[in-house]
1. Based on this model, can you work out whether residue 151 counts as assigned by TED's automatic domain parsing to the domain that holds residue 50 and at pLDDT below 95?
2. Do we find that residue 251 is more than 18 Å from the chain's Cα centre (by Cα) and in a helix (DSSP H, G or I) in this structure?
3. Any chance you could count how many residues in region 15-36 are in contact with a helix residue (DSSP H, G or I) (Cβ under 6 Å, 6 or more places away or on another chain) and either under 15 Å from residue 247 (Cα atoms) or assigned to a strand (DSSP E or B) (or both)?
4. Applying the selection to region 270-293, what residues are over 13 Å from residue 314 (Cβ atoms), at pLDDT 95 or above and touching a strand residue (DSSP E or B) at 6+ places or on another chain (Cβ under 9 Å)?
5. Only one residue in 350, 343 is touching a strand residue (DSSP E or B) at 6+ places or on another chain (Cβ under 9 Å) and not in a helix (DSSP H, G or I). Which one?
6. Report whether or not residue 58 is surrounded by fewer than 18 Cβ atoms within 10 Å (Cβ to Cβ), more than 16 Å from the ligand (Cβ to nearest atom) and in contact (Cβ under 8 Å) with a residue 40 or more places away in the chain.
7. Mind checking whether some residue in region 276-297 is within 14 Å of the ligand (Cβ to nearest atom), buried (at least 16 other Cβ atoms within 10 Å of the Cβ) and in a loop (DSSP other than H, G, I, E, B)?
Ligand code: EPZ
């Protein structure tokens, strides 16, 4: 996916089935390493980050079979403790999960580099501190981050200074293989982190429920293969709700977990939207005009940072949005690069520190460049709202996280074409 061309101005109407969560799928695929067995994944989204993860596993010796049913079977039995090439790992952030998973299985982990969306600095100091407490030692090498736990991992107590999703995932994986008990507190409790814990439990790990941000793992029991269904992607779901808003549309999401979207649904209701929420579906009927509001992102259950740019795009759309909107970004301070591109479409944005303010103004088509996955989604929403033609380049960033994007949008009536 290189370019997306949109001629907007059409109301999106219809149903859309939400796919499996990218940010749940990535840790599950790497956690499978710990089982040294065969795992079957249902509802695995076919997005580039997932396909790249499968390539990494294949390079390391995993055998992968795509079943006709859509399930993906990964056989981890012959996986070797080797460092995958940087060209594979540095394209995605999920490769960071190799650290906990490989250490747990082999007492050795090597990561030539982890990539993902560019938000400036993306440190992994908390992953390394926790793994260090479990006995992993960094081996100084020139380019490849290499960790060894010669005597095997041991349980530890670690209070994370902030609830990092990636660090929580890595430490949970390592803890299942560590001797004795590990107590992790101030952990991330995002649905995709909970899904990782559920997968590890299904594979035989002894992991307590998450209680007030604390989780206990009694490690050391051998894990076995299992079958897991990836949870629905709450960010994809939220993006389609925003697309309905941007176009004054009426969209029914199928296969969602509304509870995961609590913060977004609350904000949408504050903006004057009518929602019909059922067990696994949400119907959104957008009003002709909606009120802008203030949002502040934060770790789950607060408003998700991965829906910030999409919501900001809604605040920019003159003729629909009323009042002034603002976003305070508390997770990724440099997540505002998309605003430069929205300005090219006529958006009125002011940024001060970690807050951006938006005044609705008449938008127009333009040639814009997607800076990252969700920033690109914001540009797409703005493009869907304006009648003129918009061309979004660097669209591969968007393909990292939205499955069957063109088909889903077209089925809702959008005039959109994906090239490359
Ligand atoms: C995950 O990234 C997601 N990626 C991101 O989604 C998401 O934005 C983020 O969680 C927050 O929800 C994947 O799951 C693959 P973090 P992750 O560790 O794990 C700081 C998307 O659009 N931090 O929770 O890398 C860090 O700088 C993507 O789908 C440290 O200081 O995020 C940030 O400010 C983009 N030291 C905050 O914690 C560390 O060792 C949260 O990061 C680790 C993190």
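The values are calculated or read from the model by the stated rules, or taken from the named source; none is laboratory data. Small disclaimer: the values here were computed from a predicted structure and weren't measured. Glycine gets a Cβ as well: all are built from the backbone with ideal geometry, and neighbour counts include every protein chain shown.
1. It is true that residue 151 is assigned by TED's automatic domain parsing to the domain that holds residue 50 and at pLDDT below 95.
2. no
3. Qualifying residue count for the region: 1.
4. Hits for region 270-293 are 275, 276, 277, 280, 281, 282, 283, 285.
5. Residue meeting the stated conditions: 350.
6. For residue 58, the condition - surrounded by fewer than 18 Cβ atoms within 10 Å (Cβ to Cβ), more than 16 Å from the ligand (Cβ to nearest atom) and in contact (Cβ under 8 Å) with a residue 40 or more places away in the chain - is not met.
7. Scanning region 276-297 turns up no residue that is within 14 Å of the ligand (Cβ to nearest atom), buried (at least 16 other Cβ atoms within 10 Å of the Cβ) and in a loop (DSSP other than H, G, I, E, B).
This table checks each residue for (1) in contact with a helix residue (DSSP H, G or I) (Cβ under 9 Å, 6 or more places away or on another chain); (2) outside the structural domain of residue 119 (by TED's automatic domain parsing); (3) more than 16 Å from the ligand (Cβ to nearest atom).
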| site | (1), (2), (3) |
| --- | --- |
| 314 | yes, yes, yes |
| 317 | yes, yes, yes |
| 321 | yes, yes, yes |
| 324 | yes, yes, yes |
| 327 | yes, yes, no |
| 335 | yes, yes, no |
| 340 | no, yes, yes |
| 346 | yes, yes, yes |
| 358 | yes, yes, yes |
